[in-house]
1. What number, in percent, do you get for the relative contact order of the chain if the mean sequence gap of Cα pairs under 8 Å and at least 6 apart is divided by its residue count?
2. In sequence order, what are the phi-derived ³J(HN,Hα) couplings for region 664-680 according to the Karplus relation 6.51 cos²θ - 1.76 cosθ + 1.60 with θ = phi - 60°, rounded to whole Hz, with x for glycine and proline?
3. What do you get for the angle between helix 192-202 and the principal long axis of the chain? Use alpha-carbon atoms, 0 to 90 degrees, nearest ten.
4. How high is the FRET efficiency from SER218 to THR794, r the C-beta distance, R0 56 Å, rounded to 0.05?
5. For LYS392, which aspartates and glutamates qualify as cross-link partners when the Cα separation must be under 19 Å and same-chain residues fewer than eight apart are set aside?
6. Can you give the Kirkwood hydrodynamic radius for region 175-237, in Å, rounded to one decimal and based on Cα pairs?
7. List the pair-distance distribution P(r) of region 652-735, using every Cα-Cα distance, as the percent of pairs falling in each 10 Å bin from 0 up to the bin containing the longest distance, rounded to whole percents.
8. Taking every pair of distinct Cα atoms and averaging 1/r, then inverting, what Kirkwood hydrodynamic radius in Å comes out for region 14-169?
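Just so it is clear, none of the values below were taken in a lab; they were calculated from the coordinates. Owing to the predicted nature of the structure, the values given are computational and were not obtained by experimental measurement. All Cβ positions, glycine included, derive from the backbone under ideal geometry; neighbour counts span all protein chains shown.
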Amino acid sequence: MTGVLASETLVGRSGVLAAVADCLLDRNGPGVLLLGDAGLGKTALVNAVIHELGHRVRPFRVFAGATLSGVPFAALAPLLTTLTPQQINEPLSVLKAVTAALSPSRGPESVAPVLVVEDAQHLDEGSVAVLAQLTAAETAKVVFVCRPHPAPPAEIFSMWSEGLLDRFDLQPLSGEDVDQLCTQVLGSPAVPTAAAVLRKASGGNPMFLLELIEHARSDGQLVCRNGAWMLTSELRGNSLRLVDLVRNQIVHLDTAQREALDTIAVAEPVPLDVLRQATDHYAVDELQEMRLIAIDADDGQHVRLAQPLVGEVLRQIVPAARSLRIRQHILELLDSRPQTMDGLLRYVSWGLEAGARIPDRDILEAAQLANRLFIPSYVERVAGAIRDPALKLAARVEVARAKWYRGDIRGTAWEIGGIVERTNDPSTLRQVSMLAAQLARRQGAGAGAVKQAAYEWEAALARLAESPRGIDPAELELGRLGSRLLVLEGMQAEGRHVETERELRQILQRTEDGETRLLAGTLLAEAMAVTGQPLSALQVLADVRDILDTAGHWGLQHNGFFQRRYILALMHAGEFTVLEEYLRNHVSQAPNSLIYDGGMLHFSAGSVDLRRGNLAAALPCLRQSVSMLRVSDLQSDLPDAVAAAAYAASLLKFREVAASCSQDYEALLREGLEASLLGRAYAAMARLQQVGLRPTLARLMSLADMAAANGAVGPEIDILVLVLRAGDLSVVRRLNSLAETSEGRTAEFAFSYTQALEAKDAAALMALSESAAREGLELAAADYAGHALRILETRGDKARQLEAQRLLKRRTAALGKAPAATTQGMPDLSKLTRREQEIVALVQTGSSNRDIALSLGLSLRTVEGHLYRMFAKLGISDREKLINGRHGPENTA
């Protein structure tokens, strides 16, 4: 009874832990009422408090339970062993026995007894009365651990209102807490997109989160790549332990409540009026009071489970026959097909499982919606049920898209083969043509293949127009506009943005069709962003967003298309803070798409870090994005991500990592994949030490000339900045001319930079360096400081040289540090040899000792020896401190 309880490291509970500990140490203070839903960590928190207090308290523990709630004093039985059968029902005898058990010696106690009452919501009235007297007399500190539902006895809340108890309500974990717990459990962080999906699925409930992590890891859905954990597919299935946890959470429900809960789980979301016809309406109200269900504020007042994971488990454990009866009954009560998106998905899936006659068009619409919501497993499950020959080709397109999301390139190509030539449906033709264009780029067929898909689309439209059945003229015109937009997209993929801008404006102005306007506006914004008008592009995209917001579920399939161009415009405008906030907000919403386009988002975040100069954050982020893009690369970003990782590694002087990434980049090019102009420039800079300065500059100038020939002002500015970074000042006037007529902060800094360089104004460069640093642009700030120092050295200005040297040293030191929010600092690499620096790079990206040995061509014993010597140099004791940046004597305490 008095043994020290086991504790575990808690996440997100430090504040409440300290407050509860203070309560227990205050001999004259109140007891504790700890409230929280199942799985939020109430018991773990109490364990941690008692463990922390150690010998300053004497803990005792009793357990209440639903089965014993009707037996007087049953929960206190472990403390009543000295009572006779006659005395055990006498409140006064019980009080004396409990008091004696908690304070066995007669002298004054120096150590306070603490009585922890688990599941106190099930306490009988007599036990509560005894515990209230103990608390009021300050005989012991009582900790009531309760779920809010079913409600604890009123006497416990009375004790709180009278000041005899301090109340603490545990809440679900925040996003940061979930990230921390994932890292703690997995041993290394989960990428933000994976953590967000796990947070949404678990509802921030630590118990559910831990089970999800374990199940996803054992099932191969959660894998570690380049030092971080990523999801490779949708979360699916539930572990036996998770099923038991959910059962335990609902065990207290009566028959009517359980029947209503099962009905909601099977049919959710179900209109409230339908649910009240199908089940006991009092039970529905009670479930809402218990916060087990939520009612939407829409017209139908749709009801769903408050915790989605509970719904998943309930659908798994409800017997098949009972599930069938529930579905059939709900179908009979529904006046029409559900109007909500998830309602349609549920209606079709459980209708098919129940053997109901679901119209083929409803099944197809559900499959299309599932793809737009990034639920490919649903598509593969229902599409085969379509029997209408006229809809089978459309169903195959949806299956192909599902395979595309999963990264099954070969399967996608097989499914769409021959559909363009066979389909007589304009909508199916549109969908398959757009998917064929995406597939062609991913297969390395080049931008020309995008246009080829458009030409085949146009030829198919001509075939439909001449067929006996004919085609609606309006549909024909929309199809032609769509195929033309695909041609223009192909031209932009070739870099011909200047040529597309005028025609895209014309299409945008002359059409009223929402989808056509959305696509034309998004492509127009891309052209403007690339040609030096990124702020104007953002204005166009604001109008496009309005179309998306009112599009309904058909617009969902274009979210990624829009998002990619929005990120591009923000990047060219230099609006990195806005972009970072956008990425954070999107990830925090945890849409299903994160599993499949998370690599693109991660690449964008790493690119911002790279441009800013947060190199220690950029490199692992970029390498992790490469791992994610190898699983699913919907926007063909993989070559650019690999090139950016190579460049980041070269800036950190991690030569082996840079060389390895460069080799991967060359391999992708051999496969026919193409990088952007900036990606090619990054790849060239990454190989500067290998090939030399002159060939590198020649390659960069060639890329800049290619950008100029196509009017790609934004990429040309970025490439010319790299030329200056490499030390070639011959492009100053060219860059100045470009920046003067371009929009955005990137152009503004480039203009001020070149103005100062042309005037050889070291003071202006140093001031510009400080300005850039204030905006978080450490890489640019280091460039400006370096050029200022070279100007002063040329002049022989010794006094100013010292100031410039100090500035450059500060700016250069900042490049090796990740943002303060993510780490405490990086190791002092100047203490290490070149080989040791290369090993540090691999350690910090999550490589094991064996991986490092294979990568560097060393023996495992040699790598271990290097690490041992590095630890001694940096004043650390293990590789975890090296990964987290904790080093040096100041951190050894």
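1. 8 percent
2. These are the phi-based 3J(HN,Hα) values: 4, 4, 4, 5, 5, 5, 5, 6, x, 6, 10, 9, 6, 4, 5, x, 5 Hz.
3. The angle comes out at about 30 degrees.
4. The calculated FRET efficiency here is 0.30.
5. ASP360, ASP362, GLU365, GLU380, GLU415, GLU421, ASP425
6. Roughly 11.2 Å, rounded to one decimal.
7. Spelled out bin by bin, region 652-735 gives 18, 48, 30, 4 percent.
8. 15.6 Å
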